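The values are calculated or read from the model by the stated rules, or taken from the named source; none is laboratory data. Since this is a predicted model, take the numbers as computed values, not measurements. Please note: Cβ atoms are built from the backbone with ideal geometry, for glycine as well, and neighbour counts cover all protein chains shown. Quick note on the areas: whole protein, heavy atoms, side chains included, nothing else; ligands and nucleic acids left out. Shrake-Rupley method; radii C 1.70, N 1.55, O 1.52, S 1.80 Å.
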Amino acid sequence: MIDVADVKKSFRSGERTVEALRGVTCHIPKGRFAFIVGPSGSGKSTLLYLLGALDRPTSGRIVVSGTDLTAMSEAEQNHYRRDRIGFIFQAFNLISNLTAVENVLVPYLPRGLTPELERRAVELLTQVGLGGRVDHRPYQLSGGEQQRVAIARALIKDPEVVLADEPTGELDSKAGDEVYRILRRLQAERQTTLVVVTHDRRFINPDDLVLEIQDGLLKTDESEHQRNLIGAEV
Amino acid sequence: MGRFAWRNLLTRPLRTTLALVGLSIPILGVIGLFSLSGGLRNLVGDTLNKIQGVMVMRDNLPSPVFSDLPTNYGERLKAVPGVKVVAPEVWKIAPSVNGTRSFTRTASDLITGGGAKAMKSLLDMPLIQGQDIPTHTNLRSGVYPSSLKEKGEGRYLEPSDAGTNRVVISRKLSKDFLKPDGTPSGVGDKLRIGDKDVKEFEIVGIYDTGSMFLDVVIVMDIGTARKLLGVSEDQVSTFYVEMTDPTANDKVSLAIEKAMPDVDARSMNEFMANFGVIMSKVDIFLLMTVSLALLVGIVGIINTMLMSTTERFVEFGVLRTNGWSQGNVLALVTAESAFLGLMAGAISCVMAYAGVTIINQFIGDGLRLTLPFWLFGLGIGISLVTGTLGGLYPAWRASKLVPMDAIRLGSH
Ligand SMILES: Nc1ncnc2c1ncn2[C@@H]1O[C@H](COP(=O)(O)OP(=O)(O)OP(=O)(O)O)[C@@H](O)[C@H]1O
Ligand SMILES: [Mg+2]
């Protein structure tokens, strides 16, 4: 499903070059719930964003369902992000000038909306428990509710992969539980592949795939490697 | 997406309003200047189109008031082939009327009223025109008699008025020279004209050409004017000449100037041409003003849009991660500033309409600001172009952002 081969990513900031990723290779099978964990600054977000084609790796290859992200044109990247990937971020996710339902429809605003899309957006909001809040602006919603709108937005395209960067980072544990309940249900019902960056190991289940990054390199211990293999066979 | 852009403007009302004011004012200025130049064009065009003959006066003088020619030039003019009627005229700036000297009035306005008022009273200075009544009666195109018949009252001068103190004045002058009880002078009322030797003149008619340049003339018999102004029998100011064939004005004028090198035969086409040269300079000036306004407007819009896009980088990052292309972001921001431009244009048009209506109430007398339909189009066009151009650079910057960097700005 997702194949990452020797991906390196370095940033130039002034004179210095920061090597955020120094040769990461991994495989995430379809339908798995994968976690990226590691200390702050280890390169977790960088890897996640590269999976979503938000930037290009300095070297290496990333292949998602047979498509090589590194060989994509700018326009293909746009389509990839719009149609195949759902993003959820820690915060600052929603557009403040749009209502909840319009935020869910954001990917389709440039092309124009259809009644079918609007119906689906309301349905998704209802599924995440916000059926009565469709016309509310982000400032009228709590952090947890905002995050659920963002999840609905990630799901409206029925994505192959959902990428989430610390989706519960700014939520209390109850709101965090709610977010993970929705994501788990998504994995169970639609076999969506999920890649989630987190600091909070509470939400990791025993049969999840855990990718541990340190200093821009993947550190896969024996037991996780074991689970990895089992996961690949499922 | 249009609605989204619209809402983005409305959520920052103060900034949007300031940007609108900043763009509306130069656009309003542009509309105002064009309106004024249109008004001037109409004024002069209206006036001169009414005059079909040719004015013969001394070479190189700005106004008939300063011209003097020997009376016997009349015979020489009649000898030029194509000339039909030669009507001698005496022109001077009027001496005191009802005890007010026009020079004094102008000077005092200059001191008390400032430039605009003095300018107006300069244009307002009453002139005396003495006409040779029998020949003037033979003219095809008499501006004063025809306007008197159309909109005036009383009667025009007749040959029997020769040698009498009877005058025809404009409606405007009738309001300038009030009767002792404060009401405008009318037919049958008297004017006292003269500095030392003051004489009474009876108003027999009131004309109204509607033109600022013509409605300043007190018309009387040429003999009466000579006595009043001290012009001797062998001198006139100008000759008003009509041709047998009015379309041959220019040709005959040339023939006149050839026969008599010390005179100018000014056909109205010539006046128009001179005026055209002046107006084309005014137009260049207008064009420069427009460009300057455009520049100021663009800079203002760039500033506004840069501020607004800089603080929304994260938002653009979110849009990009959701599949918006660079072009989509570019279109959004450009649409916002184009909307700004459009609104500024609409506001300017409304204000220009209101302004012109109000100003025209007050100026009256000939000069009217015009507001043709194309001027609205121009105003809206300029502001739309300004808005769009001013938005392009901020939009380009917003769209160039790498989505990953934009997201990072928001999450740390
Ligand atoms: N645009 C950039 N320019 C310079 N350095 C960058 C840039 N983006 C990331 N980095 C550096 O790359 C490294 C990895 O960053 P990244 O955000 O992936 O870490 P992270 O594991 O997500 O950390 P955290 O848990 O704090 O979010 C860091 O040292 C960071 O400073
Ligand atoms: Mg991070």
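Structural remarks
- Gyration tensor (alpha-carbon) shape descriptor, the stretch B:139-297, a/c threshold 1.5: oblate
- In Å², nearest 10: area of B:Glu311 left accessible to a 1.4 Å probe: 120 Å²
- Amide H contacts of A:Gly38 (H built 1.01 Å from N, under 5 Å, at least 5 apart or other chain): A:Ile213
- ³J(HN,Hα), Karplus 6.51/-1.76/1.60, whole Hz, each residue of the stretch B:376-384, x for Gly, Pro: 4, x, 4, x, 5, x, 4, 5, 5
- For the stretch A:93-101, Karplus couplings with θ = phi - 60° (6.51, -1.76, 1.60), whole Hz, Gly/Pro x: 8, 9, 8, 5, 8, 10, 6, 3, 5
- If both residues of a DSSP beta bridge must be in the protein assembly as shown, then about 65% of such bridges are antiparallel.
- Dimensionless Rg over Rh [the stretch B:299-412; C-alpha; Kirkwood]: 1.24
- ³J(HN,Hα) computed for each position of the stretch B:274-279 - Karplus, 6.51 cos²θ - 1.76 cosθ + 1.60, integer Hz, glycine/proline x: 4, 4, x, 4, 4, 5
- Contact surface B-A: accessible area buried, both sides summed, square angstrom, 1.4 angstrom probe: 2400 Å²
- FRET efficiency estimate (nearest 0.05) - Cβ-Cβ, B:Leu178 to B:Lys258, R0 45 angstrom: 0.35
- Quarter of the Cα convex hull surface for the protein assembly as shown, i.e. its orientation-mean projected area (nm²): 43.3 nm²
- The shape of the stretch A:56-112 can be summarised by an equivalent ellipsoid whose semi-axes, obtained from the alpha carbon gyration tensor, come to 27, 14, 9 Å from longest to shortest.
- Rolling a 1.4 angstrom probe over chain B with all protein chains present gives an accessible area of which 65% lies on carbon and sulfur atoms.
- Highest mean packing first, where packing is the average number of other Cβ atoms within 10 Å per residue, the peptides B:234-245, B:334-345, B:89-100 line up as B:334-345, B:234-245, B:89-100.
- Orientation-averaged projected area, Cα convex hull of the stretch A:77-191 (nm²): 6.8 nm²
- When the alpha-carbon atoms of chain A are used, the pair Rg, Dmax equals 17.7, 52 angstrom.
- The H on the amide N of B:Arg266, modeled in the peptide plane, is under 5 Å from the matching H of B:Met55, B:Val56, B:Met57, each at least 5 residues off or on a different chain.
- Of all DSSP beta bridges in the stretch A:2-233, antiparallel share, percent nearest 5: 55 percent
- Close amide H partners of A:Leu217, meaning residues 5 or more places away or on another chain with modelled amide H under 5 Å apart, are A:Arg22.
- Of all DSSP bridge pairs formed entirely within chain B, close to 75 percent run antiparallel.
- Which of B:Ser170, B:Ser232 is most accessible, then next, and so on - probe 1.4 Å: B:Ser232, B:Ser170
- Taking the stretch A:2-233 as the region of interest, the number of lysine pairs whose Cα atoms are within less than 29 Å, with members eight or more places apart or on different chains, is 15.
- Estimated FRET transfer efficiency (B:Thr164, B:Met307; beta-carbon r; R0 56 Å; 0.05): 0.15
- Across peptide B:402-409, the average count of Cβ atoms from other chains found within 10 Å of a residue's Cβ is 6.
- Shown for the stretch B:1-45: residues covered by the partner protein chains by 30 Å² or more of accessible area relative to the chain by itself (probe radius 1.4 Å), namely B:Met1, B:Phe4, B:Arg7, B:Thr11.
- With 20 Å bins from 0: P(r) over chain B, alpha-carbon pairs, percent: 22, 38, 22, 15, 4, 0
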